[in-house]
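The structure appears right after this line, and notes come after that.
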Amino acid sequence: MSYKVTNQKLNRWVNELAELCQPDKIHWCDGTKEEYDILMAQMVAEGRAIPVKKRPNTYLFRSDPGDVARVESRTYIATREQAKAGPTNNWVQTDELKKTMKALYTGCMKGRTMFVIPFSMGPIGSPMSKLAVQITDSPYVVCNMDIMCRVGTKVIELLNKGEDFVECLHSVGAPLKTGEKDVLWPCAPMENKYISHFPEENAIWSFGSGYGGNAILGKKCLGLRISSALAEREGWMAEHMLILRLISPEGKKYHVAAAFPSACGKTNLAMIQPAVPGWKAECIGDDIAWMKIGPDGYLHAINPEAGFFGVVPGTSYKSNPMAMDTVKENTIFTNCALTDDGDLWWEGKDGDKPAHAIDWKGKDWNPSSKETAAHANARFTAPAAQCPIISPDWENPAGVPIDIFIFGGRRSAVVPLVTEAFNWDHGVFLAATEASEPTAAILDNVGIRYDPFAMLPFCGINMADYFQHHFEMGDKLKNKAPRIFYVNWFRKNQNGEWLWPGFGDNIRALIWMCERIDGKAGARKTPIGYLPEEKDLNLKGLVIAQEKIKELLSVDPEVWKAEIPKMEKFFSQFGEHLPARLRNQLDELKSRLK
Ligand code: O2Y
Ligand code: MN
């Protein structure tokens with residue numbers, strides 16, 4: 001250990017867990033480049049990491065085929081009473097889950113090293129940040145955490161001054177017998193995977209998976225599930241939102257926080273290249289926003305993460321040139337294909353398919369292969385600082401003041417391009433009824449999944465309490481609250497063609513939002529909110545048929561009436577717990593549609 005730890009709670013916790021998990025060694029991480037390089041070199045020597053020749057300091061990992069994504073069915077919120085977790089979470093009583101998991105953790109690190117990772121979510125020392133310590137037996141996780149969080153001795157200095165920390169325990173759940181040869185990607189079978197959260201104790205216990213959000217505990221586990229509980233208790237907001245700064249041709253800055261369910265282009269919007277000349281965008285975060293009311297009364301946001309853990313397939317110079325440039329070096333790729341010339345390939349990358357590659361399972365692949373070369377959830381882990389449009393304020397400890405909240409989903413029909421909420425309560429209702437069509441569906445209109453605030457898999461408290469918390473935040477913010485909008489980039493015409501070009505042209509909807517804030521843009525009142533007329537949108541330079549714009553901005557009350565029973569059914573699961581203000585919003589929508 002290159003530092004002294006005087007935080008007694010931390011020493012006690014690590015000792016207790018060493019006794020339980022029985023690792024061969026304990027390694028206290030310092031987060032330095034030297035440490036990262038040594039761990040990577042070891043993983044290369046063991047055959048776990050493959051250096052990607054064409055990208056400096058970049059490595060490819062291949063996971064176990066049964067350990068490729070977050071597993072919602074194995075993700076738990078454990079509280080003393082079920083009502084605290086609510087109907088949308090997998091609940092297990094705290095003591096019961098601890099008993100089950102302690103049995104699994106007993107001896108689980110035999111033959112392995114226990115790494116202790118002190119880290120900060122958010123700039124170290126910011127009043128909006130949180131300290132945490134992750135214990136893990138995966139060097140792959142250590143290297144990912146190094147990129148995704150702020151790891152190191154500065155965190156230890158704060159802990160030694162007595163600051164508290166969130167306890168994050170992780171094991172791949174694959175102990176080694178004496179002399180047993182390790183597999184390349186150790187993990188436990190599905191029935192032994194547990195991604196467990198104890199929001200009443202600020203603790204995370206993850207077992208059996210080495211992948212992504214299951215193992216990089218700063219991300220969804222702490223960044224959203226534990227933090228949504230902390231935020232409710234402490235009066236702030238932990239949201240599944242990108243943070244973006246837009247700069248108008250006149251140099252005025254607008255800050256946007258946007259929440260979308262998966263596969264709605266969140267990372268693309270976070271790194272947008274505006275198609276309207278004169279407008280610029282800077283990226284502050286692509287996935288999580290922590291927001292507090294500042295001394296000025298406005299809502300200030302920080303990105304608690306230090307890196308991007310982005311989906312690789314579909315990323316290209318057309319869809320997201322800034323992400324492509326971000327991952328040119330110093331990046332960890334997981335489950336992509338390796339080309340014969342020492343680069344990576346994935347479905348949706350620019351250019352021709354390679355004639356031959358090694359797929360994500362390590363097998364020969366060619367364009368006639370039945371399976372994809374990269375896994376659909378293949379990921380890159382890259383430092384945020386490498387993004388060419390990262391904002392100079394992305395690590396500002398005071399955060400940035402948020403002007404605009406955006407919600408949205410992927411809907412081939414019904415939902416217009418952009419809508420403005422009538423007021424905060426109506427905005428909470430729009431967010432609470434955020435919904436998307438499953439992308440795997442080939443046929444349109446096969447059904448929608450409600451994903452309120454894009455938080456369904458990430459809310460560590462009863463979702464009804466989470467809604468109520470948002471109403472109360474609005475009460476505190478009063479006229480300084482962000483204005484709330486809802487977007488749908490994915491509407492199609494009757495022939496199944498996209499109506500809107502998306503990507504850089506999404507700036508046109510964002511410009512309307514900025515102009516609404518400044519009182520410069522018009523709108524018409526509809527039963528579902530304020531919508532722009534064609535003349536209110538900046539469509540200069542966009543070649544688009546007028547009937548497409550008309551359809552994108554249309555609201556059919558009959559079609560919307562058919563949405564009401566679906567919303568009622570979704571809300572009904574919360575019973576009496578549903579905030580009255582949400583019920584009122586639904587009633588008001590009904591009467592506006594009459
Ligand atoms: O698949 C995983 O392990 C992680 S899921 C994820 C990763 C980065 C950002 N967002 C998500 C998500 O599911 O929202
Ligand atoms: Mn996400």
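From (1) assigned to a loop (DSSP other than H, G, I, E, B); (2) away from ligand 2 (no atom under 16 Å from the Cβ); (3) open to solvent by 10 Å² or more (accessible area, probe 1.4 Å), pick out the condition that doesn't hold for His300.
Result: His300 passes all but (1).
Return the pairs, sorted by first residue and then second, in which the second residue is in a helix (DSSP H, G or I) and hydroxyl-bearing (Ser, Thr, Tyr), the first residue lies in region 220-247 and is open to solvent by less than 10 Å² (accessible area, probe 1.4 Å) and within 15 Å of ligand 2 (Cβ to nearest atom), the beta carbons are less than 8 Å apart, and the residues are 6+ apart or on different chains.
Ser228/Tyr466; Ala238/Ser227; Ala238/Ser228; Leu242/Thr267
So that you can scan it fast, the table gives a plain yes or no per residue for (1) buried (at least 17 other Cβ atoms within 10 Å of the Cβ); (2) without any contact (Cβ under 8 Å) to a residue 24 or more places away in the chain; (3) away from ligand 2 (no atom under 16 Å from the Cβ):
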position: Trp365; (1), (2), (3): yes, no, yes
position: Glu371; (1), (2), (3): no, yes, yes
position: Phe380; (1), (2), (3): yes, no, no
position: Trp394; (1), (2), (3): yes, no, yes
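Within region 76-114, how many residues turn out to be open to solvent by 30 Å² or more (accessible area, probe 1.4 Å) and either assigned to a loop (DSSP other than H, G, I, E, B) or assigned by TED's automatic domain parsing to the domain that holds Pro313 (or both)?
So the count comes out to 8.
Taking only region 422-478 into account, find how many residues are open to solvent by 10 Å² or more (accessible area, probe 1.4 Å), aliphatic (A, V, I, L, M) and at pLDDT 95 or above.
3
Quick grid of which residues meet (1) outside any loop (DSSP other than H, G, I, E, B); (2) within 16 Å of ligand 1 (Cβ to nearest atom); (3) crowded, with 18+ Cβ neighbours inside 10 Å; (4) outside the structural domain of Gly399 (by TED's automatic domain parsing):
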site: Leu269; (1), (2), (3), (4): yes, yes, yes, no
site: Pro274; (1), (2), (3), (4): no, no, yes, no
site: Pro277; (1), (2), (3), (4): no, no, no, no
site: Met291; (1), (2), (3), (4): yes, no, yes, no
site: Pro295; (1), (2), (3), (4): no, no, no, no
site: Thr315; (1), (2), (3), (4): no, yes, yes, yes
site: Ala323; (1), (2), (3), (4): yes, yes, yes, yes
site: Lys328; (1), (2), (3), (4): no, no, no, yes
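When Thr58 is evaluated against the numbered criteria (1) open to solvent by 40 Å² or more (accessible area, probe 1.4 Å); (2) under 28 Å from the mean Cα position of the chain (by Cα), which criterion, by number, is the only one it fails?
(1)
Quick one: which of Leu553, Leu542 is more than 30 Å from Thr88 (Cα to Cα), touching a Leu at 6+ places or on another chain (Cβ under 6 Å) and not charged (D, E, K, R)?
Result of the check over Leu553, Leu542: Leu553.
Just to verify a result, which residue in region 21-49, among those that are open to solvent by less than 40 Å² (accessible area, probe 1.4 Å) and hydrophobic (A, V, I, L, M, F, W, C), is farthest from Leu169 (Cα to Cα)?
Result: Ala49.
How many residues are open to solvent by 30 Å² or more (accessible area, probe 1.4 Å) and either in a loop (DSSP other than H, G, I, E, B) or away from ligand 1 (no atom under 13 Å from the Cβ) (or both) when one looks only at region 62-75?
7
The values are calculated or read from the model by the stated rules, or taken from the named source; none is laboratory data. On a predicted model such as this, the values are computed, not experimentally measured, just so you know. Cβ coordinates were reconstructed from backbone atoms using ideal geometry, including for glycine residues, and neighbour counts include every protein chain displayed. Accessible surface areas use protein heavy atoms only, side chains included; no ligands, DNA or RNA. Shrake-Rupley method; radii C 1.70, N 1.55, O 1.52, S 1.80 Å.
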